[in-house]
1. Among all residue pairs at least 6 apart or on different chains, which show Cβ distances below 8 Å where the first residue, located in the range 37-50, is over 21 Å from Val93 (Cβ atoms) and the second is assigned to a helix (DSSP H, G or I)?
2. Any chance the range 69-79 includes a residue that's assigned to a loop (DSSP other than H, G, I, E, B) and surrounded by 20 or more Cβ atoms within 10 Å (Cβ to Cβ)?
3. Please specify each residue of the range 7-23 satisfying the condition of being touching a residue at least 40 places away in the same chain (Cβ under 8 Å) and surrounded by 12 or more Cβ atoms within 10 Å (Cβ to Cβ).
4. Just to be sure I understand, how many residues within the range 92-126 are in contact with a helix residue (DSSP H, G or I) (Cβ under 9 Å, 6 or more places away or on another chain) and without any contact (Cβ under 8 Å) to a residue 24 or more places away in the chain?
5. Answer yes or no: is there a residue in the range 82-90 that is closer than 17 Å to Pro32 by Cα, among the hydroxyl-bearing types (Ser, Thr, Tyr), part of a helix (DSSP H, G or I) and open to solvent by 30 Å² or more (accessible area, probe 1.4 Å).
6. Answer yes if at least one residue in the range 39-57 is touching a strand residue (DSSP E or B) at 6+ places or on another chain (Cβ under 9 Å), in a loop (DSSP other than H, G, I, E, B) and over 22 Å from Phe10 (Cβ atoms), and no otherwise.
Amino acid sequence: MIQPVKTDLFASKAPLEWATVANGILFTAQIPIGADGVVVEGGIEAQTRQTLDNLQHTLECAGGSMTSLTQVLIYITQREDLATVNRIYADYVTKPYPNRAAIIVSGFAREEMLVEMVAYAAVDKS
């Protein structure tokens, strides 16, 4: 059975949940939006922090934490931003690190976005 995860993130107008849990696995995609639903300003550093803050919040709402992560897929629009993303990402995760991939894309649905993260985590959502 699929269960949506209730978060305090901005309620999307799109037909989606910020996260769902099924069979103890959390599925989520996070973007750099603030509580007002607007993409944060400040470039890749601010957007990466907001995305990771949103991910951390979502994991906590699901009964997990950043240590629950099993895989993270990072999408960015500029290859040169990867070093900044890696530096900030290292502030949020610890060993044993989740499996990870970084993908360079031409853009996102919201053109002002520079980063998006898809993550999977092991959680016990009873």
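1. Val39/Gln47
2. Taking every residue of the range 69-79 in turn, none turns out to be assigned to a loop (DSSP other than H, G, I, E, B) and surrounded by 20 or more Cβ atoms within 10 Å (Cβ to Cβ).
3. Thr7, Leu9, Trp18, Ala19, Val21
4. 1
5. yes
6. No, the range 39-57 contains no residue that is touching a strand residue (DSSP E or B) at 6+ places or on another chain (Cβ under 9 Å), in a loop (DSSP other than H, G, I, E, B) and over 22 Å from Phe10 (Cβ atoms).
The values are calculated or read from the model by the stated rules, or taken from the named source; none is laboratory data. Computed from a predicted model, the values in this text were never measured in an experiment. Virtual Cβ from ideal backbone geometry, glycine too; neighbours counted across all protein chains shown. Remember, those area values only see protein heavy atoms, side chains included, never the ligands or the DNA or RNA. Shrake-Rupley method; radii C 1.70, N 1.55, O 1.52, S 1.80 Å.
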